[in-house]
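**Student:** Below is the structure I would like to discuss, written out as structure tokens.
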Amino acid sequence: MTWIEALILGVIQGLTEFLPVSSSGHLEIGSVLLGVQSSENLLFAVVVHAATALSTIVVFRKDILEILKGLIQFKWNESWDFAIKIIISMIPVGIVGVFFEDEITALFTGNLYLVGSMLIVTSALLFFTHFKKDNNRSVGKGAALIIGIAQSIAILPGISRSGSTIATALLLGVEKSKATRFSFLMVLVPILGASLLKLKDYFETPAAYDGLSASSMIVGFIASFVAGYIACKWMVGIVKKGKLTYFAIYCLVVGLIAIISQIWT
């Protein structure tokens, strides 16, 4: 992977991690078009996902600090209530990650049929939110579990994590800003945990990732962080304005293009 390819893929990851269009799907499409090997792509995906996690921390730093201040009081308050809901939301993706890691990894093999089909699923989910009336509900524990299940399904390349979790929250009647905040904060621990596990694999078998240079990883990390910061700030405003249907159309078009391109190749 050259630094230019790393720059392109880093920007793709940063933008699409927060916009409801599937970062994994776009990263896979970009990798296929650029001819990046799967072993390089897997490690690179971890690097750029860590970068977008950092951009989330920067954007929501005030919220995170408030939560941490409440947690260190060691008494039941809104921070502990929120933390419990985050933990509940992590259970489904944790189960899927532990028991189906090999099966999930096998999906990231340049299969544009799968990516295209799942992008169409994302499109449908985003489109349904157009018919949901505004509500002022907060995320309850039951809703947290359901949103967590949506996040676990979003492990599939082509299913947007932010799109599926935000859309699920909105369909459950959660207020728009609360749905966006919960969606972005719930992913921090799973992303960071997955990054640490993949780094462990890298240090155990570094030869398997020889095609990915340190300079490519650095360029990809920076590009993903900057693009992620911009996209995260932008997405907060998009959800408030209720303009997810535009992304539904985009996902439908890209999904169809991915399927057609696979047929022709």
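The values are calculated or read from the model by the stated rules, or taken from the named source; none is laboratory data. On a predicted model such as this, the values are computed, not experimentally measured, just so you know. Backbone-built Cβ (ideal geometry, glycine too); neighbour counts: all protein chains shown.
**Student:** Would a scan of the range 166-188 turn up a residue that is outside any helix (DSSP H, G or I), modelled with pLDDT of 90 or more and either closer than 19 Å to Val121 by Cβ or of a type in the set (Ser, Thr, Tyr) (or both)?
**Tutor:** Checked the range 166-188: at least one residue is outside any helix (DSSP H, G or I), modelled with pLDDT of 90 or more and either closer than 19 Å to Val121 by Cβ or of a type in the set (Ser, Thr, Tyr) (or both).
**Student:** Oh, and also: Out of Glu28, Glu17, I need the residue that is within 26 Å of Ala167 (Cβ to Cβ), modelled with pLDDT under 80 and in contact with a Ser or Thr (Cβ under 8 Å, 6 or more places away or on another chain). Which one? Show your work before the answer.
**Tutor:** Values: Glu28 fails: in contact with a Ser or Thr (Cβ under 8 Å, 6 or more places away or on another chain).
Glu17 is the lone residue from the list that is within 26 Å of Ala167 (Cβ to Cβ), modelled with pLDDT under 80 and in contact with a Ser or Thr (Cβ under 8 Å, 6 or more places away or on another chain).
**Student:** Within the range 70-91, track down each residue that is surrounded by 15 or more Cβ atoms within 10 Å (Cβ to Cβ) and of a type in the set (Phe, Trp, Tyr).
**Tutor:** Trp80, Phe82
**Student:** Name the pairs whose Cβ atoms lie under 6 Å apart, with the first residue in the range 124-152 and buried (at least 21 other Cβ atoms within 10 Å of the Cβ), the second assigned to a loop (DSSP other than H, G, I, E, B), and 6 or more positions between them or separate chains?
**Tutor:** Within 6 Å, the pairs are Leu126/Pro20; Ala143/Leu172.
**Student:** I'm trying to understand the selection: among the residues of the range 174-192, which are among the polar types (S, T, N, Q) and within 10 Å of Ser162 (Cα to Cα)? Give the steps one after another, and end with the answer.
**Tutor:** Within the range 174-192, the first condition is being among the polar types (S, T, N, Q), and the residues that meet it are 177, 180, 183.
Matches in the range 174-192: Thr180, Ser183.
**Student:** Determine, yes or no, whether Ala231 is over 14 Å from Gly163 (Cα atoms), buried (at least 19 other Cβ atoms within 10 Å of the Cβ) and of a type in the set (A, V, I, L, M). Full working, then the answer.
**Tutor:** Numbers: over 14 Å from Gly163 (Cα atoms): no; buried (at least 19 other Cβ atoms within 10 Å of the Cβ): yes; of a type in the set (A, V, I, L, M): yes.
In short, no.
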